[in-house]
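Written below as structure tokens is the structure these notes are about.
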Amino acid sequence: MSWLTNFVRPKIRALVGTQKEIPDNLWEKCPGCNAMLFKRELEEHLNVCRHCGHHLRLPPDKRLEMLFDDGKYTRLPIPSVPADPLKFKDQKRYSERLKDARHKTGQDDAIMVAEGHLGGMKTIMAAFNFAFMGGSMGMAVGEGLVVAAQKAVEAKAPLIVIPASGGARMQEGLLSLMQMPRSIIAAKSVKDAGLPFIVIFTDPTTGGVTASFAMVGDIHIAEKGAQIGFAGARVIESTIRETLPPGFQRSEYLLEHGMVDIVVTRPELRETLIRVLGLLANKTTGSKGRKATHLSGPVPHGARLNAKQR
Ligand SMILES: [Zn+2]
């Protein structure tokens, strides 16, 4: 026994000990190809798998940083909303879930609204955070969309909304459903002011979000391979008792069926937006004879406008 306890056990302990020193959050498994991806490298590639091109989810701060010129933006405050008005409880209290999500994400709720410049043009963006209770749309998210729309109208700037959401926040019941017409009215106010309202579908855009503001954009851009739909595929299959076609509810399928205008990879997104906004700005300013914007021609593909070019 002495040989085992004095010699073998310390060796095993040392071995296990060194393995424990390696943090387990350095790697992430790609849901597309199961490859183990080094997190830092993955972040450098905008959370796109370099093996199979699968687009993993991107937190809203990284999203805004990636889209705005020079990665610079100012966050807009969102008015606070009543916390847990229904005193909702399932396996866990809603107030507890909120607390956990806030702790996990460092955000107040599932939306981040910011202003900045995109291709030199003042732009308002609202990005969802799927990590915050599945990006669900409750009162705070509704409030965020209203703030974003009001700011766009006030600044005469285009509004870009980037959903990543499972839909309504069931813990807020009817109050959550009321955000659907509310977000539609917010989107309409931007359109009524003659300003572009662009929606970027990211994985996933589903439920009450798809059934409201997300489907009324002037231009619908989808990230490659994103799931976009109302009810989940399994629910539909069991309801209609039919097998759904391959690729159903994915960006490419929606493009083929006319629900989406453009499908892009994440690295192409910023330049695509600059091109689209440039075209829209020229069209509105040109046809009404107003002063032309600084974006005097279509932005060449792959061009990154710096301060001098603006
Ligand atoms: Zn992959």
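The values are calculated or read from the model by the stated rules, or taken from the named source; none is laboratory data. These numbers come from a predicted model, not from an experiment. Neighbour counts are summed over all protein chains in view; Cβ atoms, including those assigned to glycine, are modelled from backbone coordinates with ideal geometry. Just the protein is used for accessible areas: all its heavy atoms, side chains included, with ligands, DNA and RNA removed. Shrake-Rupley method; radii C 1.70, N 1.55, O 1.52, S 1.80 Å.
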Highest GNM mean-square fluctuation, the chain, Cα pairs closer than 10 Å: which of Val146, Val260, Val81? Val81
Using helices alone, what [θ] at 222 nm do you get for the chain, with -39,500 (n - 2.57) per DSSP H run of 4 or more residues, divided over all residues and rounded to the nearest 500? -11000 deg cm²/dmol
Quick check on my link table: of Lys72/Lys122; Lys72/Lys224; Lys39/Lys72; Lys39/Lys62; Lys62/Lys224, which ones sit more than 20 Å apart, alpha carbon to alpha carbon? Lys72/Lys224; Lys39/Lys72
Counting DSSP beta bridges with both ends in the chain, the antiparallel % (nearest 5): 50
Along principal axes, Cα extents of the chain, largest first, whole Å: 94, 50, 44
For the chain, set up a GNM with springs between Cα atoms under 10 Å and report which of Ser189, Ser80, Ser212 has the largest fluctuation. Ser80
Nearest-20 debye value, the chain charge dipole, Cβ charges on Lys, Arg, Asp, Glu: 500
Over segment 1-151, with neighbouring protein chains present, the accessible area per residue in Å² at probe 1.4 Å is 59
Range of Cα positions in segment 189-234 per principal axis (Å), largest first: 40, 21, 9
Going Cα to Cα from Lys89, which aspartates and glutamates come in below 13 Å? Please leave out same-chain ones fewer than 8 positions away. Glu172
Calculated FRET efficiency, Lys87 and Phe38, Cβ-Cβ r, R0 41 Å, to nearest 0.05? 0.40
Of the candidates Ser95, Gly135, Phe248, the farthest towards the positive dipole end of the chain (Lys/Arg Cβ +1, Asp/Glu Cβ -1, centred on the Cα centre) is Ser95
Which aspartates and glutamates have a Cα less than 20 Å from the Cα of Lys188, not counting those fewer than 8 places away in the same chain? Glu115, Glu143, Glu154, Asp218, Asp261
So, for the Cα atoms of segment 147-287, Rg and Dmax in Å stand at 16.1, 52
Charge tally in the Cβ shell below 14 Å around Ala222, where Lys, Arg are +1 and Asp, Glu are -1, Ala222 excluded: -3
